[in-house]
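Structure, as structure tokens:
Computed from the coordinates by the stated procedures, all read-outs in this text should not be read as laboratory data. Everything quoted here is computed from the prediction, not taken from an experiment. Note that we place each Cβ from the backbone using ideal geometry, even for glycine, and neighbour counts take in every protein chain shown.
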Amino acid sequence: MAAVVTLSLLACREEYTHFLVGNLEENREMHTLFDLLERERDVGENRFIIIQQIANRLHGAGELEKLILFLTDYVEKNQNDPYNAYYLGIVAAAYKDQGAAPMAAHYYERILKNYPDLLISGTTVHFQCLQELITLVDDPNARIEYYKELISRFSEYIDPGATYFYLAEAYEQVAEWEQAIRAYQKFLKYPETEILGFPRVQVKIREKVEFYYSDKKWTVENLDQLVTEIKRSIQTRNTRHLLTYKAKVNFFTMSWAQADADQIISLAFDIGAFLQSSRVLTDDKLDIDSNAGEAFLRTVRWSYRIPTWYLYFRKVEFMPDPEINGRWEWAGIYFGEKL
């Protein structure tokens with residue numbers, strides 16, 4: 001019996017020789033670990049600890065190819081090992097470290113589809129896979145599924161507000177507009193959520209949702225037509241006609257200083273009352289800072305405490321409806337001379 005064991009260990013050493021790394025002392029430790037692995041016949045925690053130590057040494061030595069080969073070979077030969085999801089997670093991470101994102105994504109997907117979840121060091125392997133996949137995969141359809149799975153399975157681990165926001169963005173990329181808006185509505189239920197690189201995100205998303213469900217009848221086909229009608233309303237002091245073109249959602253009134261501070265606080269007041277009590281004049285041309293997406297019309301002699309108002313017009317971006325997308329709206333008022 002002893003002879004059989006000795007032959008088995010010799011065969012094991014021969015098989016794993018190409019996984020040795022480093023100096024003589026380090027290789028002696030690796031030989032010991034492989035001997036222990038050969039003796040540990042039953043899959044379970046003891047074998048897991050040995051494999052983890054081997055993997056750590058290979059990774060520490062920068063031998064990522066050997067690490068990948070060792071673990072994939074092990075999983076192939078030991079398909080009943082309950083820790084295989086964890087081992088393949090190490091393989092995926094090694095590919096990611098090598099810059100091989102498609103291979104890393106392949107293994108993360110393989111774990112999710114073919115292996116039961118594991119709780120390791122306070123988190124789960126499937127959760128880690130999903131977190132990695134949303135950074136590695138560009139396909140919005142795939143990302144939608146990842147975000148949905150994060151929400152349904154791992155709500156205790158995630159920021160739900162941020163996850164709904166990115167889910168909505170993914171829906172927009174595949175033109176699933178109604179699904180996108182529903183996800184944005186759920187995002188708005190988490191007012192403390194902040195999105196990096198997206199200032200005033202709560203305000204902007206609320207505006208997006210409100211505009212989506214509005215009738216948009218105030219929008220005009222082109223800027224010239226809109227400005228002409230606004231000027232005519234002001235010259236004739238026709239309040240009713242003027243308010244026809246005022247945006248019914250997301251209309252703002254603020255000073256230029258508020259705009260620079262990125263703090264829009266709209267003032268509630270009766271534009272019609274000021275129009276009736278004023279002799280307003282409009283510039284002949286739009287302000288020099290007007291462009292293809294937004295425009296400013298300077299008006300003066302309002303009876304308001306600030307007599308100069310810049311009427312602000314913007315091109316509508318609304319991809320769900322091509323007939324609305326590209327039209328123009330009177331979206332707000334800036335008070336005072338430009339800073």
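List of remarks:
- For the range 67-209, the relative contact order comes to 14 percent (Cα pairs under 8 Å, sequence separation of at least 6).
- Across the chain, Cα pairs under 8 Å and at least six residues apart give a relative contact order of 9 percent.
- Pairs exceeding a 32 Å alpha-carbon distance, out of Lys186/Lys338; Lys186/Lys231; Lys96/Lys189; Lys148/Lys246; Lys315/Lys338: Lys186/Lys338; Lys186/Lys231; Lys96/Lys189; Lys148/Lys246.
- Mean residue ellipticity at 222 nm, helices only, the chain: -17000 deg cm²/dmol; runs of at least 4 DSSP H residues each add -39,500 (n - 2.57), and the sum is divided by the number of residues.
- Relative contact order for the range 223-335, counting Cα pairs under 8 Å that sit 6 or more residues apart, in percent: 27
- Placing a pseudo-label 7 Å from each Cα along the Cα-to-Cβ vector at Arg279 and His31 gives an inter-label distance of 10.6 nm.
- Which of His126, His59 has the fewest Cβ neighbours within 10 Å, and the rest in rising order: His59, His126
- Label-point separation in nm, Ala175 to Lys77, each point 7 Å along Cα→Cβ: 5.3
- Sparse-neighbour loop sites [trypsin sites (Lys or Arg not before Pro); the range 109-212; at most 15 other C-beta within 10 Å; DSSP]: Lys189, Arg200
- GluC sites (Glu not before Pro) restricted to DSSP loop in the range 222-325 with at most 15 other C-beta within 10 Å: Glu317, Glu323
- Extension gain (nm, one decimal) between Met319 and Asp224, 0.36 nm per residue minus Cα-Cα: 32.0 nm
- Note on semi-axes √(5λ) of the Cα gyration tensor in Å: of the candidates (1) 34, 25, 18; (2) 32, 26, 21; (3) 68, 18, 16, the value calculated from this structure sits at (3).
- Springs between Cα atoms under 10 Å define the GNM used for the chain, and in it the highest mean-square fluctuation of Glu176, Glu210, Glu40 occurs at Glu40.
- Put in line by how crowded their Cβ is, counting other Cβ atoms within 10 Å and starting with the fewest, Arg232, Arg305 read Arg305, Arg232.
- Theoretical gain in end-to-end length, Ala257 to Asn56 [0.36 nm per residue, Cα-Cα removed]: 66.7 nm
- In nm, spacing of pseudo-spin labels at Ile151 and Leu196 (7 Å Cα→C-beta vector): 2.2
- Helix 177-187 and the longest principal axis of the Cα set of the chain meet at an angle near 80°.
- Rg/Rh for the range 223-335, where both radii come from Cα atoms and Rh is the Kirkwood radius: 0.95
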